[in-house]
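The values are calculated or read from the model by the stated rules, or taken from the named source; none is laboratory data. Please read all numbers here as calculations on a predicted model, not as lab measurements. We place every Cβ from the backbone using ideal geometry, glycine too, and count neighbours over all the protein chains shown.
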Amino acid sequence: MQFRLLVVDDEKNIRSGLAKALEMDGYEVYQAEDGQEALKVMLKAEIDLIIADLRMPKLSGEELLKRVTSSYPTVPVIILTGHGTVDNAVQAMRDGAYDFLTKPVNLDRLGLLVKRALGRRELARKHQELQDEVSRLEKRKNGAQLLGKSAPMSRIFEMIDQVAPTRASVLITGESGTGKELVANALHSSSPRKDSPLIKVHCAALSESLLESELFGHEKGAFTGASSQRKGRFELANGGTIFLDEIGEIDPSVQIKILRVLQERSFERVGGESTLHVDVRIIAATNRDLKAEVDAGRFREDLYYRLNVVNLHLPPLRERPDDIPLLASRFLEECAEENGKSVQGLEPKAAMVLRSYRWPGNVRELRNVMESAVVMSRGDFIGVEDLPSHLSKGGEENGVLVPLGLPMAEAEKLIIRANLHAQSGNKSRTAEVLGIGRKTLHRKIHDFGMEEEFLKSL
């Protein structure tokens, strides 16, 4: 990409001299002798950066700066000034100029400023592209908060579209922080029950007795402190959906009652005799291996199969690195607005650290990291120094754990996958790092069945 620069100065020799120097650096350069002519050029050509003298006839550099920052806020302006007007140049920076240089112009210094300013503009442009992509993805009907374009997430979205219109029970599994509650929201909002209640219960937060009362309600006098009748969550969810988060934490006595609701769509309040009938769709979630809990005798097998009619397994964030830039961009925007900060994006090294980190806390951890980075940032772009220190340390020490006794082919597969992720899927860089040819790498990716995982970068 060739950047277009505009040099504005009423002194022809200075104007043409700067233009030639910048052209030698590979830029396409336009010229204007005053602010009015510069604005005409801006209407005809897409200018990426302006270098303007402060003092000019017809329309001064100060006035041109005001017009540009108003109409073209993403175009950086570098001000040129004589020694006698440095104070004016400082004021111009307060008014939005990127920087200023005194005459005679140091061409090396100018080249550095231009490169830096264009780099910042390019980062802002890429961040805006990510924001636009986030907006497009969030328009999907299956829930505004779920976000991703990776192959694993595309499969999740397809399953949500297929399962949501049915009344089948759904068990959402996955590590903590992967977004299981967001999937529940998407299933409900895309279902025929979307205008009825979605009731959420975090099972692990309540004791056995409290959970039973919370789910099924109680009659007055059912236990000490039950001063009035209370409807339970199943009753409140009638006609809609109930989301039982951390279902693996509930006690066997409560498991039996939930099983009955699934089988008979009926229950009694605690301390009550009247049988209540409900039409409720059950969505459950857990970060435990429920099959292992069944085998260990801690979870009822019949309830497990009743809940697990459809299983939606959410992949950990480390298995979908392509989604990290999108998620980081959205969280950055949210956190900047919440904290009153003006942050325009991530510096390349910071983005690389985010992609190489393992994210044990998954999407929830990424959100917290972005909030911390926004709060700690001092400039328009988040750098590595703004990120929590354990992220960059983790990126440097990130390696591949190869268990003893693993077959050579499997070990090779682990190493190739880890290096491809570390190089953001770039085949040429990965082949170079591994010391093999690009064709050899392509063949191994095919042999190991990783083509779909790295399809976009083949």
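Is there a residue in the stretch 434-450 that is exposed (fewer than 14 other Cβ atoms within 10 Å of the Cβ), touching a helix residue (DSSP H, G or I) at 6+ places or on another chain (Cβ under 8 Å) and modelled with pLDDT under 75?
Scanning the stretch 434-450, I find no residue that is exposed (fewer than 14 other Cβ atoms within 10 Å of the Cβ), touching a helix residue (DSSP H, G or I) at 6+ places or on another chain (Cβ under 8 Å) and modelled with pLDDT under 75, so the answer is no.
With a cut-off of at least 3 residues that are of a type outside the set (Val, Ile, Thr) and farther than 21 Å from Leu206 by Cβ, name the helices (runs of 4 or more DSSP H) lying wholly within the stretch 237-307.
Those helices (runs of 4 or more DSSP H) span 290-295, 301-307.
Taking the stretch 271-293, which residues are small (Gly, Ala, Ser) and in contact with a strand residue (DSSP E or B) (Cβ under 8 Å, 6 or more places away or on another chain)?
Listed by number, the residues that qualify are Gly271, Gly272, Ser274, Ala284, Ala285.
Somewhere in the stretch 211-225, is a residue out of contact with any Gly (no Cβ under 9 Å at 6 or more places or on another chain), assigned to a loop (DSSP other than H, G, I, E, B) and surrounded by 18 or more Cβ atoms within 10 Å (Cβ to Cβ)?
Of the residues in the stretch 211-225, the ones out of contact with any Gly (no Cβ under 9 Å at 6 or more places or on another chain) are 211, 224-225.
Going one step further and asking which of them are assigned to a loop (DSSP other than H, G, I, E, B), we end up with 224-225.
Filter once more, so that each one left must be surrounded by 18 or more Cβ atoms within 10 Å (Cβ to Cβ): none.
No, because not a single residue in the stretch 211-225 is out of contact with any Gly (no Cβ under 9 Å at 6 or more places or on another chain), assigned to a loop (DSSP other than H, G, I, E, B) and surrounded by 18 or more Cβ atoms within 10 Å (Cβ to Cβ).
Tell me, please, whether a residue that is in contact with a helix residue (DSSP H, G or I) (Cβ under 7 Å, 6 or more places away or on another chain), modelled with pLDDT under 90, among the aliphatic types (A, V, I, L, M) and within 21 Å of Ala124 (Cα to Cα) can be found in the stretch 88-111.
Within the stretch 88-111, one or more residues are in contact with a helix residue (DSSP H, G or I) (Cβ under 7 Å, 6 or more places away or on another chain), modelled with pLDDT under 90, among the aliphatic types (A, V, I, L, M) and within 21 Å of Ala124 (Cα to Cα).
Show the residue pairs meeting these rules: Cβ distance below 8 Å; 6+ apart or different chains; first residue within the stretch 361-378 and in the same structural domain as Ala336 (by TED's automatic domain parsing); second residue among the small types (Gly, Ala, Ser) and in a helix (DSSP H, G or I).
Leu366/Ala328; Met370/Ala328; Ala373/Ala350; Val374/Ala336
When you look at Leu65, is it surrounded by 15 or more Cβ atoms within 10 Å (Cβ to Cβ), assigned to a helix (DSSP H, G or I) and in the same structural domain as Leu112 (by TED's automatic domain parsing), yes or no?
Yes: the conditions hold for Leu65.
Return yes when Asp95 is in contact (Cβ under 8 Å) with a residue 12 or more places away in the chain, in contact with a Lys or Arg (Cβ under 9 Å, 6 or more places away or on another chain), surrounded by 15 or more Cβ atoms within 10 Å (Cβ to Cβ) and outside the structural domain of Gln344 (by TED's automatic domain parsing) and no when it is not.
no
One line per residue, one yes/no per condition, for (1) modelled with pLDDT under 90; (2) crowded, with 16+ Cβ neighbours inside 10 Å; (3) more than 21 Å from Leu210 (Cβ to Cβ):
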| residue | (1), (2), (3) |
| --- | --- |
| Ile250 | no, yes, no |
| Val254 | no, yes, no |
| Ile258 | no, yes, no |
| Gly272 | yes, yes, no |
| Ile283 | no, yes, yes |
| Asn287 | no, yes, yes |
| Leu290 | no, yes, yes |
| Asp295 | no, no, yes |
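For the structure I just gave you, tell me whether Leu80 is touching a residue at least 12 places away in the same chain (Cβ under 8 Å), part of a helix (DSSP H, G or I) and either touching a Lys or Arg at 6+ places or on another chain (Cβ under 9 Å) or crowded, with 18+ Cβ neighbours inside 10 Å (or both).
The answer is no for Leu80.
Please go through the stretch 7-24 and pick out each residue that is among the acidic types (Asp, Glu) and part of a helix (DSSP H, G or I).
Glu23
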